[in-house]
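Working notes for the structure below.
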Amino acid sequence: MTSIGADIAQAAGVTGLLALTTTLFLLVLSPPLAWWIARTASKWRPPVEALVALPLVLPPTVIGFYLLLAMAPDGPLGAIALAVAGAPLAFTFAGLVIGSIVYSLPFVTGPLASAFRTMDTHLLEAASSLGVGPAARFLRLVLPMHRKALVAAGVLGFAHTVGEFGIVLMIGGNIPGETRVLSIALFDRVEMLDYAGAHAIAALLLVFSLVVLTFTYRWLRQGVPG
């Protein structure tokens, strides 16, 4: 395997693992958060919605900067990591996962909240009248009824994580096999004036993004069973 081939393969492995890990966490965290946002009348909903959506408008480097401070040995997250694991959090794969969860949170939570808002509440009211608790209603009725939205949100979260750059660079650096993802590898190739290598990585990301978006739109617009 050529040098560029090995570089792409290694960076793709880290990128895929990061995106998969982040997506799994988001598919656990986002549904209850999205349900709360969609259904609550709390005065805290607007600021919580704004906080979740912040990565949509705030430059990734700004988020990465504050996460880097939080992950420093004297920061809140860094201090916890040192106390529990005896290892730093910044410039590690675990740190990248935390940053990726924050960065991709609105791309999973937002679509789910929109889907939950359109749900017919009659089934929930009927289940409640039969004594089914809130947690059971959410797990047995809400989630199964929104399988399509869950899949689409998960795919979008995965794809968005694959395209990370600013946050990864700020909190992960460029450690081969650990924090070096495809976007960082592309940046390196451009800096080295290796445009052939940059084209190879950019084309891979471009094709991947087109395939993911095409699948997502078809999934949402067509009557897919299940």
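The values are calculated or read from the model by the stated rules, or taken from the named source; none is laboratory data. For clarity, every value in this text was computed on a predicted model and none was experimentally measured. So basically every Cβ, Gly included, is an ideal-geometry build from the backbone, and we count neighbours across all protein chains shown.
Brief remarks follow.
- Filtered residue count, the range 81-100, keeping only those that are touching a Ser or Thr at 6+ places or on another chain (Cβ under 6 Å) and surrounded by fewer than 21 Cβ atoms within 10 Å (Cβ to Cβ): 1
- Residue check, VAL52 more than 20 Å from ARG137 (Cβ to Cβ), of a type in the set (Val, Ile, Thr) and exposed (fewer than 14 other Cβ atoms within 10 Å of the Cβ): no
- Residues of the range 59-101 that are aliphatic (A, V, I, L, M), under 17 Å from ILE167 (Cβ atoms) and in a loop (DSSP other than H, G, I, E, B): ALA72, LEU89, ALA90.
- Residue in the range 69-77 that is farther than 20 Å from GLY173 by Cβ and either within 15 Å of the chain's Cα centre (by Cα) or surrounded by fewer than 14 Cβ atoms within 10 Å (Cβ to Cβ) (or both) present: yes
Conditions tested, residue by residue: (1) more than 19 Å from HIS160 (Cα to Cα); (2) of a type in the set (Val, Ile, Thr).
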residue: ALA19; (1), (2): no, no
residue: THR22; (1), (2): no, yes
residue: LEU26; (1), (2): no, no
residue: PRO32; (1), (2): yes, no
residue: ALA38; (1), (2): yes, no
residue: TRP44; (1), (2): yes, no
residue: PRO47; (1), (2): yes, no
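So that you can scan it fast, the table gives a plain yes or no per residue for (1) touching a residue at least 12 places away in the same chain (Cβ under 8 Å); (2) at positive phi; (3) touching a His at 6+ places or on another chain (Cβ under 6 Å); (4) of a type in the set (S, T, N, Q):
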position	(1), (2), (3), (4)
ALA94	yes, no, no, no
PRO134	no, no, no, no
VAL142	yes, no, no, no
HIS146	yes, no, no, no
THR161	yes, no, no, yes
GLY166	yes, no, no, no
GLY173	yes, yes, no, no
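- Among the helices (runs of 4 or more DSSP H) confined to the range 134-217, the ones with at least 1 residues that are at pLDDT 90 or above are located at 147-162, 166-171, 182-191.
- Flag for THR21 being under 11 Å from the mean Cα position of the chain (by Cα) and of a type in the set (Ser, Thr, Tyr): yes
- Of all the numbered requirements in (1) modelled with pLDDT of 90 or more; (2) small (Gly, Ala, Ser); (3) not in a helix (DSSP H, G or I), GLY223 misses one, and that requirement is (1).
- For beta carbons closer than 6 Å, sequence separation of 6+ or different chains, a first residue in the range 67-78 that is more than 13 Å from ALA94 (Cα to Cα) and a second that is of a type outside the set (Lys, Arg) and part of a loop (DSSP other than H, G, I, E, B), the qualifying pairs are LEU69/GLY75.
- So THR118, is it among the hydroxyl-bearing types (Ser, Thr, Tyr) and within 16 Å of the chain's Cα centre (by Cα): no
- Residue within the range 123-132 that is free of Cβ contacts under 8 Å to residues at least 24 places away in the same chain, closer than 19 Å to ARG39 by Cα, of a type outside the set (S, T, N, Q) and exposed (fewer than 13 other Cβ atoms within 10 Å of the Cβ) present: yes
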